[in-house]
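Colleague: What follows is a structure written as structure tokens; I'll ask about it next.
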């Protein structure tokens, strides 16, 4: 029975979404203890070695599937608020990786990582509802694009650091390491999704023009 239980556990751990080197030991009561982080405990012995890239590959596969699942909601929000579908996808990719249940250490929630105040401001009652979160986050993006005259870089910076930080920085990207890294990351996703054809149709329907500062 113990061997069967171990075999079932190992089979589950070997699934693509959870691959890692697995260590185990059996205590004096016959209980099997398993971990992927033995942390120097000499009782553990490796029972399974798996490729270190498996977790990343599984995460990428999950992200692709989730992105496809949310496209109908994203397309509707893009048309409703006049924001490029590619931009919405870019922000979601950078913020949560399409994890609708994501919560940041600062309290940002859901797909577009809305802070409680932002969620309230844009009528989001349940930030973990994909539709409400996407609508609220897209409405916020539309507001930021209007606020900064269609300047995509500044709107993205404000999404991360807040509008006031951009204004106080003389209408430049604020000198925060997080924001300085965030803007090119989102722009990278944005260009990738545009190249894949996302957003072009939405921009044509809404007449949206997004201008980036040189």
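Only the coordinates and a few stated rules stand behind these numbers; no lab work does. Everything numeric in this text was worked out from a predicted model, so none of it was measured. Quick reminder, even Gly has a Cβ in these numbers, built from the backbone with ideal geometry, and neighbours come from all protein chains shown.
Colleague: Based on the Cβ-Cβ distance of residue 79 and residue 104, what FRET efficiency does E = 1/(1 + (r/R0)^6) give at R0 = 30 Å, to the nearest 0.05? Working shown, then result.
Modeller: Details: r = 28 Å, r/R0 = 0.95.
Rounded to the nearest 0.05, the efficiency is 0.60.
Colleague: Using 0.36 nm per residue, how much length does the chain from residue 26 to residue 131 gain when fully extended, once their Cα-Cα distance is taken away?
Modeller: Fully extending the segment from residue 26 to residue 131 adds 33.1 nm.
Colleague: I've got another one for you. For region 75-183, what does the relative contact order come out to in percent, with C-alpha contacts under 8 Å and a separation of six or more? Spell out each step's value before the answer.
Modeller: Values: 135 pairs, mean separation 18.3, N = 109.
Relative contact order here is 17 percent.
Colleague: Still on this structure, please answer the following. So what's Rg/Rh here for region 72-156, counting alpha carbon atoms and using the Kirkwood radius for Rh?
Modeller: Values: Rg = 11.6 Å, Rh = 12.5 Å.
Across region 72-156, the Cα-based Rg/Rh ratio is 0.93.
Colleague: Here's another thing I want to ask about it. Give me the one-decimal nm value for the distance between modelled label points at residue 147 and residue 115, 7 Å along each residue's Cα-to-Cβ direction.
Modeller: The answer from the label model is 1.0 nm.
Colleague: Let me ask another. Along the Cα→Cβ direction, 7 angstrom out, place labels at residue 167 and residue 181. What is the inter-label distance in nm?
Modeller: Those two pseudo-labels are separated by 2.9 nm.
Colleague: Going by average Cβ neighbours within 10 Å, how do the peptides 129-135, 165-171, 69-75 rank, with the highest at the top?
Modeller: Working: 129-135: 20.6, 165-171: 15.0, 69-75: 17.0.
Descending mean neighbour count gives 129-135, 69-75, 165-171.
Colleague: Counting other beta carbons within 10 Å of each residue's own, what order do 79, 124 fall into, fewest first?
Modeller: Listing 79, 124 from fewest to most nearby Cβ atoms yields 79, 124.
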